[in-house]
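The values are calculated or read from the model by the stated rules, or taken from the named source; none is laboratory data. Please read all numbers here as calculations on a predicted model, not as lab measurements. No Cβ is skipped: glycine too gets one built from the backbone with ideal geometry, and neighbour counts run over all protein chains shown.
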Amino acid sequence: MKMSPQAFLDWKSKRITLLAMSGAGKTTLANKLPKANWYHYSGDYRIGTKYLEEPILDNIKRQAMLVPFLRELLLSDSICISNKITVDNLTPVSSFLGKLGNPDLGGLSLQEFKRRQKLHHQAEVAAMNDVPDFIHKAEDIYGYHHFINDAGGSVCELDSPKTLEILAQNTLIVYIKIPPELEQTIIERAKSDPKPLYYREDFLDQKLAEFMRLKNYGSTDVMPPDEFVSWVFPELFKSRLPRYQAIADQYGYTIDANDVANVKGEDDFNRLIAAALASRQC
C-alpha cells in the first residue's frame, strides 16, 4: 500500500504493519498508541493462541508426564493443563520452539527441532494471512478506528510472496531500521540471553554445518543448546537486515529506530510515518 503523506494523515481508518528485528522497539512503539482507538494485532499472540495452541499444550503435557505424580493425575483426568499466553507473555510460544542440542540439557533433536520450526513457519504465514479478517473484526465488532499489526521478527524469513501481498494490499508496511550504532548492542544482548528462534531451513542447514565443524561436534545431540543460539544470532541478524529492507523497498516504507525511540504518542507516530512517506517521494 502506497500513499502520499497527506493522504496518510487524512486516512480515517489507519492500518499499519510494523516490521523489525527484536529489540528495534516495534512493540514499544505500538504500545504508545492509544488503545481506545487502535486495535493491536500481535502475530506471535495469534500463533500461540490459534495455530500452535495444541502443539504447545502437548509439549507441556509431555514434560508433565515425566513426573510420576503429575503423570498419575493426568492419566486419571484429575487435572487439566492450560497455558496463559498473553500479548505481553509469549513464553509458551518460544518454549515450544525450543533450542537445538543435548536433550539432557533441555535441547531438542535435529528432527524434532525441524518439525517444530516447520509448524511455526506454517503458523506465522497463517497468522499474517488472517490480518484482513481482523481488520474487519476490529472495526465491525469492536469499533476500533485504527489497526496496527505487530508482526513477528521472523516475517522476513517466510518466503511467501502471497502473504506479503496480502499485508501490502491491506496495510501500510513500515520497517523499523536499526542504525549501525545499535546493532552491536542488540547482538550482545541476544548472545548473553539466548532465546529460541525461527530459522529458514537452508540458513539453518548451512550455519549448523559450519558451527559443528568449528566446534568439532559429531552430532547435534552433544551440543549445549545455548551455545548454538548465541553463536548463530549475529549471522541471523546480518541475514535478516537485507530481507527486511527488500520488503520495505518493494511494499512499504522505512523509519529509523532512533526516531522511534522519540515517539511519545499518536501525534508523534503519525508525523513520523508521514515523514517516511514524504522521503520516498523525493
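Descriptive notes on the structure:
- Single residue of the stretch 171-187 satisfying the filter (at pLDDT below 90 and charged (D, E, K, R)) that is farthest from LEU119 (Cα to Cα): GLU181
- All of ARG280, ARG271 fail the test of being modelled with pLDDT under 95 and more than 19 Å from ARG189 (Cβ to Cβ), apart from ARG280.
- Pick from the stretch 31-84, criterion among the polar types (S, T, N, Q) and in a helix (DSSP H, G or I), ranking: surrounded by the fewest Cβ atoms within 10 Å (Cβ to Cβ): GLN63
- Scanning the stretch 199-220 turns up no residue that is in contact with a Ser or Thr (Cβ under 8 Å, 6 or more places away or on another chain), of a type outside the set (A, V, I, L, M, F, W, C) and surrounded by fewer than 17 Cβ atoms within 10 Å (Cβ to Cβ).
- Checking GLU165, GLU124 one by one, the residue that is buried (at least 19 other Cβ atoms within 10 Å of the Cβ), of a type in the set (Asp, Glu) and at pLDDT 95 or above is GLU124 and no other.
- Of the helices (runs of 4 or more DSSP H) lying entirely inside the stretch 166-282, those containing at least 1 residues that are farther than 30 Å from GLN122 by Cβ and either touching a Cys at 6+ places or on another chain (Cβ under 7 Å) or among the polar types (S, T, N, Q) (or both) span 180-192, 257-261, 266-281.
- Each residue in the stretch 1-26 was checked for being at pLDDT below 90 and either among the polar types (S, T, N, Q) or part of a helix (DSSP H, G or I) (or both), and 2 of them qualify.
- Residue in the stretch 210-228 that is more than 17 Å from the chain's Cα centre (by Cα) and closer than 20 Å to LEU158 by Cβ present: no
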